[in-house]
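The values are calculated or read from the model by the stated rules, or taken from the named source; none is laboratory data. In this text, all values refer to a predicted model and were calculated from it rather than measured experimentally. We place every Cβ from the backbone using ideal geometry, glycine too, and count neighbours over all the protein chains shown. Please note that ligands, DNA and RNA were not included when accessible areas were found on the heavy atoms of the full protein model with its side chains. Shrake-Rupley method; radii C 1.70, N 1.55, O 1.52, S 1.80 Å.
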Amino acid sequence: MNWEIKTVAMFASEALREGYLGAAGYIILGVVAIAGFLAVLGMVLIYAERKVAGHFQCRLGPMRVGWHGVLQTVADTIKLFLKEDIVPFQADKVLHILAPLFTLLGTLLVLAVVPFSPGMQVADVNIGVVYVTAVGGFGVLGILLGGWSSNNKWSLVGAMRAGAQIISYEVSATLALLVVVLFSGSLKLSDIILSQEQGWWIWRAPVVGLVGFVIFFIASTAEINRTPFDLPEGESELTAGFHTEYSGMRFAFFFLAEFINMFIISAIAATLYLGGWMPFHIGGLDGFNAVMDLLPPGAWFAGKTSFLIFVLMWFRWTFPRLRVDQLMRLEWKILLPIGFVNLIAAAFMVMFGWYYGN
Amino acid sequence: MEIKFKTLVAPEIKRGCLMGNMFNALGSLWKGMKITIYYLTHPSTVVTQQYPENRETLKMMDRFRAQLTMAHDENGHHTCTACGICDQNCPNGSINVVDRKNPITGKKELDRYIWRMDSCTFCNICVQVCPFGTLEMKGNFEASVYDRRLFVYTLNKYAGPDQKNLLKIENLDDRKKQMESRDIFGGPVPLSGQSIAGLEAGVFDQLRKTEEAATNG
Ligand code: SF4
Ligand code: SF4
């Protein structure tokens with residue numbers, strides 16, 4: 001099957017030949033689409049998380065606003081809009097205001113390259129994987145700034161923890177990303193997906209793919225500060241960590257970024273290891289592959305991503321939080337060595353062609 | 001005298017090999033995940049009550065502690081001897097056992113059993129220490145009132161001898177004479193020596209009725 005990749009950025013560059021106006025129109029379309037998607041997805045994810053969390057803990061979750069509480073997040077958003085935005089006394093005002101924007105910016109920029117389906121992607125950068133890792137770093141910048149500028153001990157401790165944690169785990173996450181880059185031979189997200197036409201990397205690269213996936217999943221869970229790695233927030237010891245002093249809309253930005261990041265790492269993990277929007281194919285079985293193609297690629301992407309998001313929620317509501325030293329030990333003594341061995345093994349496998357469908 | 005020192009060795013934490021630990025950890029994490037997914041897929045495990053929608057059908061747990069009551073048997077007799085053990089054992093001083101001398105026999109008997117809900121922590125100590133099994137914790141949790149003086153309850157319904165001594169009296173009329181009625185919100189309270197004022201007599205009857213309905217039903 002021939003997949004034709006179309007992105008908003010391509011349309012914009014085509015329109016640029018005609019004139020600036022059309023290109024500007026496409027760019028605005030892309031930005032509005034991402035912003036709208038961000039807002040809607042944030043609300044849906046928060047509602048889903050609360051509902052799932054409730055049932056994981058023998059509760060019901062939100063039940064009052066709308067049918068089974070579906071409008072709860074809408075009501076919460078309105079409340080956050082109307083709340084007073086407090087900047088603490090003697091805080092660094094400019095940084096305090098900028099910090100949540102930085103965090104959200106990192107999230108927004110990554111969202112621009114997430115391939116939803118062949119015809120649905122805002123931009124298909126040729127260094128996709130590098131871009132994702134690089135831009136994702138904005139998040140920690142926002143967290144550090146927020147903690148630093150709040151003029152509050154808890155915020156500062158939370159932010160420093162976040163810095164240490166994110167920088168450590170980025171190493172493992174990147175090593176795991178490189179495994180897929182080695183196998184697919186490209187940094188471009190759409191190429192990586194197309195390279196999985198004969199099967200997803202998680203099983204086509206025996207063992208190495210699975211280990212890489214697990215490492216990436218654990219490391220990126222830590223990178224987005226989700227339980228069991230939510231030390232920067234650590235309610236029990238740090239009140240709310242880096243966003244202790246935030247309220248109203250600015251708090252909502254941090255919160256939103258956190259939830260969208262959950263979507264992003266699920267989407268990236270699905271793209272790299274589970275074939276993104278690529279239906280489940282087994283190289284050689286054409287009849288089987290044709291049946292799998294009946295489901296549109298967008299549905300495959302949504303299915304894989306929501307499954308991974310569910311797993312993340314499952315983790316969050318089951319596992320206890322790690323201690324700081326355990327956190328560092330897990331990264332530097334366990335994940336990183338395994339990641340290195342895995343990468344070297346992957347390099348050999350690519351060199352000798354020891355993988356399925358080669 | 002020679003002092004002998006004992007060397008204490010800190011117990012060593014058993015650590016397996018790295019791989020063993022890792023698989024152990026993964027196994028135990030999976031165990032936890034199995035439990036939570038069981039809860040998720042079985043909505044019958046939900047314990048949340050949709051109060052007040054289900055107010056009519058709501059059944060409180062038997063062990064829920066929300067209101068101290070004094071048990072009265074079918075003749076309206078209680079078994080409190082005014083010994084004051086509960087009074088002494090209450091960590092918050094929420095109980096005041098007011099005793100008096102029986103006008104005829106001169107024996108000590110209960111005048112007023114005063115319980116202050118506003119300072120009670122529902123620790124259940126009073127119920128457990130009472131040697132006569134007089135007290136009972138009930139699950140009536142809808143305790144909001146508009147006047148905090150209404151948190152001061154008189155638990156006994158009459159002042160007079162306890163069940164055992166009352167049953168010794170053969171004549172029913174004589175028994176009745178020994179039982180002087182007590183109101184649930186009447187009488188002096190440990191509130192800077194003030195008495196409950198500002199409430200009409202009819203209010204007590206009304207409150208008592210709802211109170212009885214709640215504690216009995
Ligand atoms: S339950 Fe505890 S606090 Fe309350 S009255 Fe009894 S002993 Fe006192
Ligand atoms: S309730 Fe029990 S412990 Fe308290 S005074 Fe009466 S008999 Fe004694």
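What number do you get for the range A:88-352 when its Cα radius of gyration is normalised by 2.2 N^0.38 Å, N = residues?
In units of the globular-protein estimate, the range A:88-352 measures up at 1.04.
For the interface of chains B and A, what total accessible area is buried with a 1.4 Å probe, rounded to the nearest 100 Å²?
In total, this chain pair buries about 1600 Å².
Quickly rank B:120-127, B:61-68, A:208-215, A:191-198 as a protection proxy: mean count of other C-beta atoms within 10 Å, highest first.
Answer by packing, highest mean first, reads A:208-215, A:191-198, B:120-127, B:61-68.
Set Lys and Arg Cβ to +1 and Asp and Glu Cβ to -1, take the dipole of chain A about its Cα centre, and tell me which of A:Ile34, A:Trp277, A:Pro337 lies farthest positive.
A:Pro337
Show me the ranking of peptides B:94-106, A:149-161 by mean Cβ neighbours inside 10 Å, starting with the highest.
Listed from highest to lowest mean packing, they are A:149-161, B:94-106.
Taking 56 Å as R0, compute the FRET efficiency from the Cβ-Cβ separation of A:Phe348 and B:Leu8 and round it to 0.05.
Efficiency, from the Cβ-Cβ distance: 0.60.
Could you state the angle between the C-alpha long axis of helix A:208-223 and the longest principal axis of the C-alpha atoms of chain A, as a value from 0 to 90 degrees rounded to the nearest 10?
Once rounded, one gets 20 degrees.
Toward the positive end of the charge dipole of chain A, about the Cα centre and with charges on Cβ (Lys, Arg +1; Asp, Glu -1), which of A:Thr305, A:Leu145, A:Gly158 goes farthest?
Towards the positive end, the residue furthest out is A:Gly158.
By how many degrees, between 0 and 90 and to the nearest 10, does the Cα long axis of helix A:153-184 differ from the longest principal axis of chain A?
0 degrees
Please compute the alpha carbon radius of gyration of the range B:28-140, then divide it by the globular-protein estimate 2.2 N^0.38 Å. Two decimals is fine.
Expressed relative to 2.2 N^0.38 Å, the Cα Rg reads 1.60.
Every cysteine in the protein assembly as shown with no other Cys Cβ under 4.7 Å from its Cβ, please list them in numeric order.
Among the cysteines of the protein assembly as shown, those whose Cβ sits 4.7 Å or more from every other are A:Cys58, B:Cys17, B:Cys80, B:Cys83, B:Cys90, B:Cys120, B:Cys123, B:Cys130.
Under the Kirkwood approximation applied to all pairs of distinct alpha-carbon atoms, what is the hydrodynamic radius of the protein assembly as shown in Å?
Roughly 29.6 Å, rounded to one decimal.
Give the lysines reachable from A:Lys83 as a straight Cα distance under 28 Å; neighbours fewer than 8 places away on the same chain don't count.
A:Lys51, A:Lys93, A:Lys153
Just checking the output field for B:126-134: average partner chain Cβ neighbours within 10 Å of each residue's Cβ?
That works out to 0 on average.
Just checking the output field for A:56-66: average partner chain Cβ neighbours within 10 Å of each residue's Cβ?
Per-residue shielding by partner chains comes out at 4.
Quick one, can you get me the convex hull of the C-alpha atoms of the range A:265-358 expressed as volume per residue in Å³?
With only Cα atoms used, the range A:265-358 gives 115 Å³ per residue.
With every protein chain present, what accessible area does A:Trp3 have (1.4 Å probe, heavy atoms only), rounded to the nearest 10 Å²?
40 Å²
If I model a spin label at B:Arg148 and A:Val341 as a point 7 Å from the Cα along the Cα→Cβ vector, what separation in nanometres do I get?
6.6 nm
For the range A:58-153, give the magnitude of the charge dipole about the Cα centre (Cβ charges: +1 Lys/Arg, -1 Asp/Glu; no others), in debye to the nearest 20.
340 debye
What are the residues of the range B:35-64 that lose 30 Å² or more of accessible area, with a 1.4 Å probe, going from their chain alone to all protein chains?
Residues passing the criterion (a loss of at least 30 Å², heavy atoms only) are B:Thr36, B:Ile37, B:Tyr39, B:Leu40, B:Val46, B:Thr48, B:Gln50.
How high is the FRET efficiency from B:Asp174 to B:Gln88, r the C-beta distance, R0 41 Å, rounded to 0.05?
After rounding, the FRET efficiency stands at 0.80.
Which of A:Leu312, A:Leu294, A:Leu29 moves most in a GNM of chain A, Cα contacts under 10 Å?
A:Leu294
First measure r as the distance between the Cβ atoms of A:Val207 and A:Ala35, then evaluate 1/(1 + (r/R0)^6) with R0 = 41 Å and state the FRET efficiency to the nearest 0.05.
E(calc), rounded to 0.05, equals 0.50.
Please state the shape class of the range A:67-108: rounded when a/c is under 1.5, otherwise prolate if a/b exceeds b/c and oblate if not, all from the C-alpha gyration tensor.
Verdict is oblate for the range A:67-108.
What number, in percent, do you get for the relative contact order of chain A if the mean sequence gap of Cα pairs under 8 Å and at least 6 apart is divided by its residue count?
Relative contact order of chain A: 21 percent.
Quick one: what are the phi-derived ³J(HN,Hα) couplings along the range A:275-283, Karplus 6.51/-1.76/1.60 with θ = phi - 60°, whole Hz, x for glycine and proline?
x, x, 7, 5, x, 6, 10, 10, x
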